[in-house]
Ligand code: SF4
């Protein structure tokens with residue numbers, strides 16, 4: 001019984017079913033569109049590409065994370081406080097957002113709207129990515145349109161199912177200027193889709209993964225150089241080692257968890273091959289720099305000290321042009 005060919009078609013159907021509640025993505029501007037590069041969002045619509053089984057499994061991981069969080073909320077007895085996949089619609093334009101979890105009150109029952117954007121990740125970042133924050137800001141803006149009065153906030157819940165870790169990035173508020181910026185990006189995408197404008201490209205850390213990178217005007221601005229062969233070789237070696245390092249770090253993280261599951265928080269023992277010790281570092285207090293800057297800006301500026309600069313090295317392999325796409329758009 002060969003399961004893999006069956007999986008390849010069944011996973012596609014699973015994702016179609018899972019996203020059915022979001023409606024036809026091609027018919028409206030969603031939060032992921034305005035949070036991304038408009039050139040990429042436009043080209044993805046014009047040259048849609050079936051994601052690989054691996055990518056589709058990752059999408060499913062996101063749905064599983066949402067189901068798990070839903071079950072956690074329900075187990076905690078707060079199911080009466082929220083709805084899932086709440087659709088927000090602009091009153092006149094085809095702009096929509098879907099809030100993963102929308103709470104109508106806090107845990108004490110005080111009325112408050114709180115939007116939660118769930119992100120399933122492999123390794124929780126130290127800070128939320130700007131694209132995540134933009135998605136949430138767009139949702140908060142549409143929420144404010146729908147509910148002009150009352151307390152309104154949001155958070156990003158990043159969950160790493162492999163490592164069993166969850167992190168809430170909290171404290172987001174509706175910001176009219178940020179929403180207006182994202183709204184204008186949405187209008188720009190609508191104009192581009194109607195053939196009234198050319199899609200603008202905007203560089204970000206995601207460009208390295210973009211399938212439309214090869215003929216992107218922003219990429220073309222990067223000067224072409226001929227590197228000495230030994231430097232070209234070192235660059236390749238650096239990329240290879242960096243990839244190995246990332247894989248090793250991910251694997252170490254999950255092995256570490258398995259070891260700690262075995263030892264518990266305190267352990268000291270010696271096998272034939274290893275001296276294994278686990279001790280606890282007590283919780284400690286730290287200064288919340290963002291809060292300090294917000295509430296006591298004078299104090300914040302008086303305690304700042306210079307951090308030494310350093311050379312930042314970034315190397316990304318150049319991918320070949322995507323065979324499924326032809327044509328270009330300006331930027
Ligand atoms: S490579 Fe170009 S099109 Fe792709 S995300 Fe970056 S700026 Fe946008």
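Readers should treat all values here as calculations from the given coordinates under stated rules, not as data from a laboratory. Note that the coordinates shown come from a computational prediction; the quantities given were computed from them, not determined experimentally. A quick note on method: Cβ atoms are made from the backbone with ideal geometry, for glycine too, and the neighbour counts reach across all protein chains shown.
Figures for the structure shown
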| read-out | value |
| --- | --- |
| q = 0.12, 0.14 Å⁻¹: log10 I(q)/I(0) that the Debye formula gives for the chain, counting C-alpha atoms only | -1.17, -1.47 |
| Computed over the stretch 3-198: relative contact order in percent, which uses C-alpha pairs under 8 Å that are six or more apart | 21 percent |
| Cα-based equivalent ellipsoid of the stretch 80-218: semi-axis lengths in Å, sorted from largest, via gyration tensor | 28, 22, 11 |
| Burial ranking of peptide ranges 46-59, 251-264, 207-220, 274-287 (average Cβ count within 10 Å, highest at the top) | 207-220, 46-59, 251-264, 274-287 |
| Normalised contact order of the chain, rounded percent, pairs of Cα under 8 Å and 6 or more residues apart | 16 percent |
| Estimated 222 nm signal from helices in the chain, with DSSP H stretches of n ≥ 4 weighted -39500 (n - 2.57), rounded to 500 | -13500 deg cm²/dmol |
| Percent of Cα pairs exceeding the 19 Å cut-off, where the set is the stretch 256-320 | 68 percent |
| Cα centroid separation - the stretch 49-87 against the stretch 278-310, whole Å | 34 Å |
| Percent of C-alpha pairs per 5 Å bin, the stretch 144-260, short to long | 2, 7, 8, 10, 14, 13, 12, 14, 12, 6, 2, 1, 0 |
| Global geometry of the stretch 12-150, whether rounded, prolate or oblate, following the gyration tensor of its Cα atoms and the 1.5 cut on a/c | oblate |
| Rounded to 5, percent antiparallel among DSSP beta bridges of the chain | 70 percent |
| Globularity index of the stretch 36-96, i.e. its alpha-carbon radius of gyration over 2.2 N^0.38 Å | 1.59 |
| The stretch 95-226: antiparallel DSSP beta bridges as a percent of all, rounded to 5 | 60 percent |
| Highest-fluctuation residue, 151, 245, 266 considered, GNM on the chain with Cα pairs under 10 Å | 266 |
